[in-house]
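Here is the structure we will look at, set down as structure tokens.
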Amino acid sequence: MLRAAILLVASCALTAVAGVPLYGQCGGIGYTGSTTCDQGVCTYSNDWYSQCLPGSGGGQSSSTRPPTSTSSSRPPTSTSSSTGGTSTLPSSFKWSSSGALVSPKNDSRNIKGIKDPSIVYYNGKYHVFASTAVASGYNLVYFSFSDFSQANSATFYYLDQTPIGSGYRAAPQVFFFAPQNKWYLIYQNGNAAYSTNSDISNPSGWTAGKNFFSGTPSIITQNIGNGYWVDMWVICDSANCYLFSSDDNGHLYRSQTTLANFPNGMGNTVIALSAPNKNDLFEASNVYKVGNQYLLIVECIGSNGRYFRSWKSSSLTGSWTALAATEANPFAGKNNVDFPGGRWTNDISHGEAIRSQVDQTMSISGCIRYLYQGLAPGSSGDYNSLPWRLGLLTQTNC
């Protein structure tokens, strides 16, 4: 009995001192993890991020945690984008869709489709980055507005006129990387690329793109078949950053680097999920933090058009458990989206949720709103010339 008690006390002691590894996150507004460092000192970086850095002693936390107040000049912890609901995941989803909200401008660009939107709500405005499609290829556009009724009249800033440059650029993802106090724009350019900016509202402020990889990871070239390496998505936990990507051939890949080393050192690429039928795991993955879980969605091609399947996990490294993962019971698709103003698309395709936090944790809560691309039924012709438009889903069963 005495020996058991000693073992129990020792176990509790070990549990009590377990904390954040060196270079991991240990504080910040909205952070709910441990504030005790296994090594080093919990060091304040900004209101949204404190990090365990080398220093004398260990287990430092309280004196370095950021204040709970926010400033309008910095990304907010929460936004007005989420309403009601809880941070739990249902086994099925129901949605209501807007009409087509954003179309190409009638200008000299002769854009055929607006696609692949990434969206954050910051400083009282929605900031949207999207792909512009023409027959010859893709590039990127930025626009912002304070209300969705203004979305289609918002000024387009074509990012090929910035240091991001011309040529193939597509499928953007934007987020605020709190450890460096800067915005990141992730996109595909034949590789996985990124640009950075200190001011999301300044289109000219983006840096020239840099690649995450020196070339296509070997595991992708071995499995891609006749597909394409597309749709990069970055999400970070308190220790690591992960880059998810697809190959249009039934594989979802995951690469990683440490939070402290991001964006450098991306590697250790593995197959995170696969499907025998490539259409059941096609492209456009999103991964979000929802409470203490992670939500993965992947775009698929079904008998009624494009739709999303979903999975959940307690870790970004999996394993992933099917959630709403069939065409009959999708995350979002023709079968569970209502169109009060009339159905304008059968395809619920590449998009992004309006997050409750704008940082690298990709956190969502409450009733989800999801900006997506849709296509008028019966559209045909060259894929790059299809008339994709943007619409907004609002979750109704939350």
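The values are calculated or read from the model by the stated rules, or taken from the named source; none is laboratory data. Quick caveat: nothing in here was measured; it's all calculated off a predicted structure. Cβ sites come from the backbone with ideal geometry, for glycine too, and all protein chains shown count toward neighbours. Quick note on the areas: whole protein, heavy atoms, side chains included, nothing else; ligands and nucleic acids left out. Shrake-Rupley method; radii C 1.70, N 1.55, O 1.52, S 1.80 Å.
Here are the numbers for this structure:
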item	result
Region 273-322 and region 169-221: distance between their alpha carbon centers, rounded to Å	22 Å
Estimated inter-spin distance, residue 271 and residue 328, nm [label 7 Å along Cα→Cβ]	2.7 nm
Full-extension gain in nm, residue 96 to residue 168, via 0.36 nm per residue minus C-alpha separation	22.6 nm
Charge sum, other residues only, whose C-beta stays under 12 Å from residue 302's C-beta, Lys/Arg counted +1 and Asp/Glu -1	-1
Cα centroid separation - region 324-340 against region 91-107, whole Å	14 Å
Spatially proximal lysines relative to residue 115 (Cα-Cα < 17 Å; intrachain offsets below 8 disregarded)	105
Length-normalised contact order of region 95-395 in % [C-alpha pairs under 8 Å, at least 6 apart]	19 percent
Percent carbon-and-sulfur accessible area, region 95-395, ignoring ligands, DNA and RNA, probe 1.4 Å	42 percent
Total formal charge among the other residues, if their Cβ is under 12 angstrom from that of residue 395, Lys/Arg +1 and Asp/Glu -1	+1
Rounded, prolate or oblate (a/c below 1.5 giving rounded, otherwise prolate when a/b exceeds b/c) for region 213-309 by Cα gyration tensor	oblate
Cα gyration tensor shape of region 95-395, rounded if a/c is under 1.5, else prolate or oblate by comparing a/b with b/c	rounded
Per residue, in Å², the accessible surface of region 243-398 once ligands and nucleic acids are set aside, probe 1.4 Å	33 Å²
From phi via Karplus (6.51, -1.76, 1.60), per-residue ³J(HN,Hα) for region 376-393 in Hz, x at Gly/Pro	4, x, x, 5, 8, x, 4, 4, 5, 9, 5, x, 5, 10, 9, x, 10, 8
Overall form of region 141-185 per C-alpha gyration tensor (a/c, 1.5; a/b vs b/c)	oblate
Two-site FRET efficiency, residue 382 against residue 108, from Cβ-Cβ distance with R₀ of 25 Å, rounded to 0.05	0.80
